[in-house]
Amino acid sequence: MTLQANWSYPTTVKFGPGRIKELGEACLSLGIKNPLLVTDKILAQLDITQTALDILKSSGFEGPVFCEVDPNPNEVNLEAGLSAYRKGNHDGVVAFGGGSGIDLGKMVAFMAGQKRPIWDFEDIGDWWTRADSAAIAPIVAVPTTAGTGSEVGRASVITNSKSHEKKIIFHPKVLPSVVICDPELTVGMPPFVTAGTGLDAFAHCVEAFSSPHYHPMSQGIAVEGMRLVIENLPKVYNNPNDIEARSHMMSAAMMGATAFQKGLGAIHALSHPIGAMYNTHHGTTNAVCMPAVLDLNASEISQRFDQVAGYIGIQNGFKGFCTFVREFNASLKIPMNLSDLGIVNADVEKLTEAALKDPSCGGNPIALNSENVAKLIKDLL
């Protein structure tokens, strides 16, 4: 079955196979006359990117590309992107790719007209109000993975290359004005990327559902997002050309990013510093951390998982869910621990300190402290 739709929540979304053909039209609808396409180094060399550029050119745009984007984008990448944006006299951004490319593209659009350094807009209190909203350039987002959901997010994660800390930069206008979700763009992902990105979406939904904060809308979205990942990630992992399952995974990714307005937790509080310090894949790191975090939070979340387990296809409630997560990871060839992820001689003290500074801590059901975070890290090694 071909899944196709136009949505206005949480932003304008053009969803379905072949919708990439509407990229030029999307730029024109926002008044963009000279877009800069921002993507990562690997994607820049692939046919799907050339297709996007050809579509832009057929709509009258020159379609230059900026691709100096690291897997964990940092302020050095951002400065280079801003230089390209300003030299080219661009007036909008096409953020194209996975979480890295889209996050950096959003920040190029955000920072293009700002006069303060990026770290002044970290997601702390009302720091976002420091920004000149009128100076933020319009953004069209085109995801090529199904995981981060950055295409419907109001923030980007940028690594400070000097301190090796991941910082969340937030502003409501960082939410792209138009999103083109074309599942055909995701079929070329290798299995390990399909697994890692899909489990990132899963972690977003699991943590949003677990968060103690009050947000019934996000709670419902998180439940359905979990169900879609459980049913469809194995399908696309084993058959990358299953467009219907790819569509459901793209939906789950957007649902996870929408749901985590309710909060994230220890999974992300750990994976952010681990990724920043050891350059691991974010979604895969989330998956490695999930079993231990579920165990930590069991006393606070078991009842709510008992209530929804049947709907998402899990038997035996929360206990069954925990068993499922371990088996799910194994079936997708996810490393069992941080050592298997390639991390040796981990600095437990530094990781603990960084995790406790991460804003995701505030959404964890069990209050995090130096003792239980250090134990989590040691258990994961």
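None of the figures in this text is laboratory data; all of them are computed from the coordinates on show. It should be emphasised that the depicted structure is a prediction, and the values quoted were computed from it without experimental measurement. Backbone-built Cβ (ideal geometry, glycine too); neighbour counts: all protein chains shown.
Rounded to the nearest 0.05, what FRET efficiency do Lys162 and Phe192 have when you use their Cβ-Cβ distance and R0 = 41 Å?
Efficiency, rounded to the nearest 0.05: 0.85.
On full extension of the chain, what length is gained from Asp132 through Glu327, given 0.36 nm per residue of separation minus the C-alpha to C-alpha distance?
Extending this stretch completely gives an extra 65.4 nm.
I need the semi-axes of the equivalent ellipsoid of region 238-357: take the C-alpha gyration tensor, multiply each eigenvalue by 5, square-root it, list largest first in whole angstrom.
Values for region 238-357, descending: 25, 19, 15 Å.
What net charge do the residues around Asp358 carry, taking every other residue with its C-beta under 12 Å from that of Asp358, with Lys and Arg at +1 and Asp and Glu at -1?
-1
Local charge sum around Arg246 (other residues, Cβ-Cβ under 12 Å, Lys/Arg +1, Asp/Glu -1)?
Around Arg246, the surrounding residues sum to -3.
As an exercise, use a Förster radius of 35 Å and the Cβ-Cβ distance of Asp379 and Ser59 to find the FRET efficiency, rounded to the nearest 0.05.
0.10
For Gln4 paired with Asp306, estimate the spin-label separation in nm (one decimal), with each label point 7 Å from Cα along the Cα-to-Cβ line.
Going by the 7 Å Cα→Cβ label model, 4.7 nm.
For Phe96, what is the net charge nearby, where nearby means another residue's Cβ is under 15 Å from its Cβ and Lys, Arg count +1, Asp, Glu -1?
-3
Which value, in debye to the nearest 20, describes the size of the charge dipole of region 224-381 about its Cα centre when Lys and Arg Cβ atoms bear +1, Asp and Glu Cβ atoms bear -1, and nothing else is charged?
Here the size comes out at about 140 debye.
Can you tell which of Val94, Val179, Val187 shows the greatest fluctuation in a Gaussian network model of the chain with Cα springs below 10 Å?
Of the options given, Val187 has the highest mean-square fluctuation.
Give the whole-number value, in cubic angstrom per residue, of the convex hull volume spanned by the C-alpha atoms of the chain.
123 Å³
Using Cβ counts within 10 Å as a stand-in for footprinting exposure, how do Leu199, Leu376, Leu30 rank, fewest first?
Leu30, Leu376, Leu199
Just order 236-244, 125-133 by mean Cβ neighbour count inside 10 Å, highest at the front, would you?
Order by mean packing, descending: 236-244, 125-133.
Figure the gain on full extension for Lys21 and Asn316 (residue separation times 0.36 nm, minus the Cα-Cα span) and round it to one decimal in nm.
Extra length from Lys21 to Asn316 when fully extended: 101.6 nm.
List, in the order given, every pair from Lys106/Lys378; Lys33/Lys115; Lys167/Lys375; Lys87/Lys167; Lys166/Lys319; Lys162/Lys333 whose Cα-Cα distance in the structure shown is over 29 Å.
Lys106/Lys378; Lys166/Lys319; Lys162/Lys333
Would you calculate the volume per residue, in Å³, of the smallest convex hull containing every Cα atom of region 170-237?
122 Å³
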